[in-house]
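Each reported figure results from applying straightforward, stated rules to the coordinates on display, with no laboratory input. Note that the coordinates shown come from a computational prediction; the quantities given were computed from them, not determined experimentally. Reconstructed Cβ throughout: ideal geometry from the backbone, glycine too, with neighbour counts over all protein chains shown.
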């Protein structure tokens, strides 16, 4: 069995990512002293990628204090200076949650699911945003999951355990599933990660075999959509590239948590990256790939509308939101 030393020695950092006895990640809980973030209205934005429509869907926003721990390898003064240079607050961080929907012909493919019923009052808005866009949960035929952190998978089931998207196949990265469903790793995990393992089991352990589908790296998961391995943030963290009629769209999931920090300085490590060095390398590789192809990109934690383009800027990249 893996010991705690082996668990950490494998390069997997172990931040206390879940509050005790909770399925809600600590970063998805508002800090009341900093006020309440304002949610976009309407909670969706459409764009065309070739012959396909991509819809950004607001699940919510949380506001957290900015402390020394948020960027693991940079002094807080430098982090605040970078935020100040972009006209952003320096005492707190707003963390948006934005799943994406691909509408291709008769297919409706949801990428990640947000916090569902398990977050605070400024989260769990995915179904409302979907309804505002003229759709309902029964319309979704496929759910693609990038990785198993709670803010990406908690919307799969409600608190009663009922599947939110009853007609959908749920496609998950095989490497990610293998890690989190490994009983030895769960037993060896530090206390701060036990809740994450338990949450994965709540979500997937009883999912019907004909619903849960695992896929490998670099495979086509739906027509025109290919998975892209981007391991580091988690052991099986996966991006998705959509190609249609000569145009490209990259869903970059948690490649960077706050683009104003981690796109501008790709060598900085957010506290949630489980293997910071692997995440750093893949962050630079993917941003270089995206800028070289001038592809549109969308990020789960990017400021609304959560899609746009990136351009080289100094030692990193600047995110330019779509108008």
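The residue 184 and residue 51 beta-carbon pair, evaluated with R₀ = 45 Å, returns a calculated FRET efficiency of approximately 0.45. The orientation-averaged shadow of the Cα convex hull for the chain, equal to a quarter of the hull surface, comes to 15.4 nm². Mean residue ellipticity at 222 nm, helices only, the chain: -6500 deg cm²/dmol; runs of at least 4 DSSP H residues each add -39,500 (n - 2.57), and the sum is divided by the number of residues. Contact order, relative form, for the chain: 19 percent (alpha carbon pairs under 8 Å, 6 or more residues apart, mean separation divided by residue count).
Over the stretch 218-323, what is the relative contact order in whole percent, taking alpha-carbon pairs under 8 Å and six or more residues apart? 24 percent. I'd like the FRET efficiency for residue 34 and residue 73, computed as 1/(1 + (r/R0)^6) with the beta carbon distance as r and R0 of 22 Å, rounded to 0.05. With R0 = 22 Å, the Cβ-Cβ based efficiency is 0.35. Just to confirm my numbers, what's the Cα centroid distance between the stretch 246-260 and the stretch 96-156 in Å? Cα centroid to Cα centroid, the span is 17 Å. Protection proxy ranking for 79-91, 229-241, using the average of other Cβ atoms within 10 Å per residue and placing the highest first: 229-241, 79-91. At a threshold of 8 angstrom on Cα-Cα distance, excluding pairs fewer than six apart, so keeping six or more, what relative contact order does the stretch 70-209 reach in percent? After rounding, I find 18 percent.
Given their separation in residues at 0.36 nm each and the Cα-Cα distance between them, residue 205 and residue 285 gain 25.4 nm when the chain is fully extended.
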